[in-house]
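One structure is given here, and the rest of the page talks about it.
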């Protein structure tokens, strides 16, 4: 059994901007084939913080994160005044400075608390959970806010002519969405009473090319011809299922759990099609799959919280859940185990 100290997930909150955008709407705006989106990506809808027609920003990442955090706090398991720290995981901060987490704290009216922002892709939410768990285990802190979110649409220029776009570029216009999620973590078994039994976060990309690169343009290079966001979709398609299986068995080994002990499985949320493939590769038919990406789009660090929100509507005392996450930007294995007490 893992000897990691226990923290408890007390409440969850999520935020998705605006109405869902289906494939027909997206295909019309982008001038791409709707059937290609459905077959190749397998995602039905997604949400955008920007207006598709005008590009106007309707919600910032801070707005979405604060909204999700308020919902988690409104559950009443822990008072806002008792929050001792905030940790945010994101790949798409609103600005380099100030850190988005501090604008979130400002919107929530929280002051004089430590704040941390972790720059990471799909593993960022798990890294934030790991930091929060460690802080609570130290005995110095009782309650914290763990937040994850991304606004991927800031990289998608819908005014651009995509007729000659490379597949590695075009896929990003249909794969991603925006959103945020938040959890109240506590030293005490309150609220949802879900124990965080183990958190895995391990870099595993030594000598390996990144599967995804997001450029950051400054004044000196903003007119550079580099593609802002690139993906090696083939490497991701080949590598993520293999890594997901490795993570599953590594977590089970750390916990001394058998696969048959799992009541729920939260697989990586790349796209509707990829997630289905990965869930099949994981091969735990006795565990109920908790997925959301086909409806929410790939909104990065919001996804684990959206999955947990779905999990909590079903989870009963004594049941166990295991989440698997893979970051392909520079290859990180991540995941966590939950148990309802």
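The values are calculated or read from the model by the stated rules, or taken from the named source; none is laboratory data. Note that the coordinates shown come from a computational prediction; the quantities given were computed from them, not determined experimentally. In this analysis, Cβ positions are derived from the backbone assuming ideal geometry, glycine residues included, and neighbour counts consider all displayed protein chains.
Just a few scattered comments:
- Scanning segment 67-99 for residues that are closer than 14 Å to residue 182 by Cα and in contact with a helix residue (DSSP H, G or I) (Cβ under 8 Å, 6 or more places away or on another chain) yields 68, 69, 70, 73, 80, 83, 85, 86, 87, 88, 89, 90.
- Among the residues here, residue 111 does not qualify as part of a loop (DSSP other than H, G, I, E, B), within 21 Å of the chain's Cα centre (by Cα) and either farther than 28 Å from residue 243 by Cα or at pLDDT 95 or above (or both).
- The single condition from (1) under 30 Å from residue 36 (Cβ atoms); (2) surrounded by 15 or more Cβ atoms within 10 Å (Cβ to Cβ) that residue 126 fails is (1).
- For segment 135-145, the condition of being buried (at least 21 other Cβ atoms within 10 Å of the Cβ) and either under 16 Å from the mean Cα position of the chain (by Cα) or part of a loop (DSSP other than H, G, I, E, B) (or both) holds for at least one residue.
- In segment 177-188, the residues that are part of a strand (DSSP E or B) and within 21 Å of residue 140 (Cα to Cα): 183, 184, 185, 186
- Check on residue 76, under 27 Å from residue 192 (Cα atoms), in a loop (DSSP other than H, G, I, E, B) and in contact (Cβ under 8 Å) with a residue 40 or more places away in the chain: yes
- Residue 191 being part of a strand (DSSP E or B), at pLDDT 95 or above and under 19 Å from residue 312 (Cβ atoms): no
- Of all residues making up segment 136-160, the number that are over 17 Å from residue 72 (Cβ atoms) and either in contact (Cβ under 8 Å) with a residue 60 or more places away in the chain or in contact with a strand residue (DSSP E or B) (Cβ under 9 Å, 6 or more places away or on another chain) (or both): 11
- Screening segment 204-231 for residues that are under 16 Å from residue 165 (Cβ atoms) and in contact with a helix residue (DSSP H, G or I) (Cβ under 7 Å, 6 or more places away or on another chain) and picking the one that is surrounded by the most Cβ atoms within 10 Å (Cβ to Cβ) gives 231.
- Filter result for residue 302 (touching a strand residue (DSSP E or B) at 6+ places or on another chain (Cβ under 8 Å), within 24 Å of residue 16 (Cα to Cα) and surrounded by fewer than 22 Cβ atoms within 10 Å (Cβ to Cβ)): no
- Residues in segment 22-37 that are under 22 Å from the mean Cα position of the chain (by Cα) and either surrounded by fewer than 20 Cβ atoms within 10 Å (Cβ to Cβ) or not assigned by TED's automatic domain parsing to the domain that holds residue 175 (or both): 22 only.
- Residue within segment 287-296 that is out of contact with any helix residue (DSSP H, G or I) (no Cβ under 7 Å at 6 or more places or on another chain), surrounded by fewer than 22 Cβ atoms within 10 Å (Cβ to Cβ) and modelled with pLDDT under 95 present: no
- Hey, residue 196 in contact with a strand residue (DSSP E or B) (Cβ under 8 Å, 6 or more places away or on another chain) and surrounded by 12 or more Cβ atoms within 10 Å (Cβ to Cβ) or not: yes
- Lone qualifier among 125, 105 - being under 26 Å from residue 76 (Cβ atoms) and touching a residue at least 24 places away in the same chain (Cβ under 8 Å): 125
- Options 169, 150, 157; residue that is outside the structural domain of residue 244 (by TED's automatic domain parsing) and surrounded by 20 or more Cβ atoms within 10 Å (Cβ to Cβ): 150
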